[in-house]
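Student: Sharing a structure with you now.
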């Protein structure tokens with residue numbers, strides 16, 4: 001795999017930054033009490049658009065792989081996430097999700113044979129602490145259904161990251177087509193559940209339409225395309241930590257648009273999260289980058305000697 005560039009990190013980070021706006025869009029633009037329908041309209045239209053653009057369907061083993069990835073990354077993840085959001089305060093749900101990098105480390109060791117560095121374990125601890133400082137309030141209420149759903153969502157996302165990394169992408173299939181497969185599967189899995197549990201809203205306003213369009217085209221089509229691009233180019237654990245940009249963005253947007261307060265403790269939490277993301281980078285990548293810089297310098301010296 002080619003060495004990741006700074007642009008790869010920045011482009012990948014755009015995905016969780018966009019996802020961090022989901023809470024603001026949901027509360028301000030979408031109809032109330034329809035979270036699963038919102039998830040369907042976020043995933044399915046974007047997936048179908050990408051299928052039409054890519055004009056490529058899975059073949060062979062990729063039929064069941066696309067189904068598994070679509071369920072883990074989109075369908076089951078969205079479902080458990082919304083169940084957790086209904087039964088838990090947002091801060092507790094976010095704190096549970098902060099255990100995702102540790103699960104990615106363990107699964108990466110088992111499936112990808114990646115070594116676990118002490119600095120990565122420290123990054124996991126710092127990341128969880130930063131999330132806690134960022135989102136937890138003084139009053140905490142726990143619900144077992146919400147807790148189980150939160151951990152299920154965390155496991156789904158972590159497993160989806162590892163399997164996406166392990167299976168890669170089939171030859172001659174574009175990244176957009178692979179993204180379309182997963183969004184379509186996830187949306188189709190959620191569709192009957194949403195219709196049976198929530199039904200259709202009585203009225204869809206212009207603002208509702210704008211919100212649904214944003215979540216589908218920006219929050220799903222664009223965001224998941226660059227997210228899966230990042231999974232191809234960056235270490236799995238690094239991508240897992242980059243997802244912490246989502247609650248960070250949600251807090252910032254809440255402060256700007258919803259007049260929510262940001263305390264000094266939350267500011268420290270944000271700094272700790274950023275430090276954890278940087279610390280999570282595998283050491284071998286730092287060493288390889290250093291080696292590449294040395295080799296480039298030696299090549300320049302050799303060229304100058306040949307010209308003399």
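Any read-out appearing in this document is the output of simple, stated calculations on the displayed coordinates, not a laboratory observation. The structure presented is a predicted model; accordingly, all values stated were derived computationally and were not measured. Cβ coordinates were reconstructed from backbone atoms using ideal geometry, including for glycine residues, and neighbour counts include every protein chain displayed.
Student: Treating the angle as unsigned and between 0 and 90°, give the value, to the nearest 10°, between the Cα long axis of helix 264-279 and the longest Cα principal axis of the chain.
Tutor: Compared with the principal axis, the helix lies near 50 degrees.
Student: Here's another thing I want to ask about it. For a quick check, take a GNM of the chain with Cα springs below 10 Å and name the residue from 266, 120, 171 with the largest mean-square fluctuation.
Tutor: Highest fluctuation among the options: 171.
Student: Using only the Cα atoms of region 74-223, build the gyration tensor, take square roots of its eigenvalues as a ≥ b ≥ c, and label the shape rounded, prolate or oblate: rounded if a/c is under 1.5, else prolate if a/b is larger than b/c, else oblate.
Tutor: oblate
Student: Could I ask something else about it? I need 12, 145, 22, 56 ordered by Cβ neighbour count within 10 Å, fewest first.
Tutor: Working: 12 25, 145 12, 22 21, 56 17.
Fewest-to-most ranking of 12, 145, 22, 56: 145, 56, 22, 12.
Student: Between rounded, prolate and oblate, where does region 14-307 land on the alpha carbon gyration tensor, with a ≥ b ≥ c its root eigenvalues, rounded for a/c under 1.5, else prolate if a/b exceeds b/c? Kindly include the intermediate steps, with their values, before the conclusion.
Tutor: Working: a/c = 1.82, a/b = 1.29, b/c = 1.41.
In terms of gyration-tensor shape, oblate.
Student: If a/c stays under 1.5 just call it rounded; otherwise compare a/b with b/c (prolate if a/b is bigger, oblate if not). Do that for region 185-260, with a ≥ b ≥ c from the square roots of the Cα gyration tensor eigenvalues. Can you show the working numbers first?
Tutor: Details: a/c = 2.27, a/b = 1.31, b/c = 1.73.
It comes out oblate by the Cα gyration axes.
Student: Above 21 Å lies some portion of the pair distances; for region 52-147, what is it as a whole percent of all C-alpha pairs?
Tutor: That fraction is 53 percent.
Student: To the nearest 10 degrees, how steeply does helix 35-54 sit against the main Cα axis of the chain, on a 0 to 90 scale?
Tutor: 50
Student: Could you let me know the centre-to-centre spacing of region 199-273 and region 30-70, using Cα atoms, in angstrom?
Tutor: 19
Student: By counting other Cβ atoms within 10 Å of each Cβ, how are 265, 157, 133 ranked from fewest to most?
Tutor: Numbers: 265 12, 157 22, 133 19.
Lowest count first: 265, 133, 157.
Student: Separate question: Output the peptides 270-279, 179-188 sorted from most to least packed, where packing is the average of other Cβ atoms within 10 Å over each peptide's residues. Can you show the working numbers first?
Tutor: Values: 270-279: 18.5, 179-188: 25.8.
Descending mean neighbour count gives 179-188, 270-279.
Student: Label-point separation (nm) for residue 275 and residue 171, each offset 7 Å from Cα along Cα-to-Cβ?
Tutor: Between residue 275 and residue 171, the simple spin-label model gives 4.7 nm.
Student: Mark the label point 7 Å from the Cα of residue 111 along Cα→Cβ and return the residues of region 69-103 whose backbone N is within less than 19 Å of it.
Tutor: 69-81, 97-103
Student: What number, in percent, do you get for the relative contact order of region 14-307 if the mean sequence gap of Cα pairs under 8 Å and at least 6 apart is divided by its residue count? Walk me through the numbers on the way to the answer.
Tutor: Values: 398 pairs, mean separation 113.0, N = 294.
This gives 38 percent for region 14-307.
Student: On C-alpha positions alone, give me the angle between the axis of helix 6-19 and the longest principal axis of the chain, in degrees, nearest 10.
Tutor: 10
Student: Could you line up 113, 165 from fewest to most neighbouring Cβ atoms inside 10 Å?
Tutor: Details: 113 7, 165 21.
In increasing order of surrounding Cβ atoms, one gets 113, 165.
Student: Starting from the Cα-Cα distance between residue 263 and residue 122, subtract it from 0.36 nm times their residue separation and give me the gain in nm to one decimal. Intermediate values should be presented prior to the final figure.
Tutor: On the way: separation 141, 0.36 × 141 = 50.76 nm, distance 2.47 nm.
Stretched fully, the residue 263-residue 122 segment lengthens by 48.3 nm.
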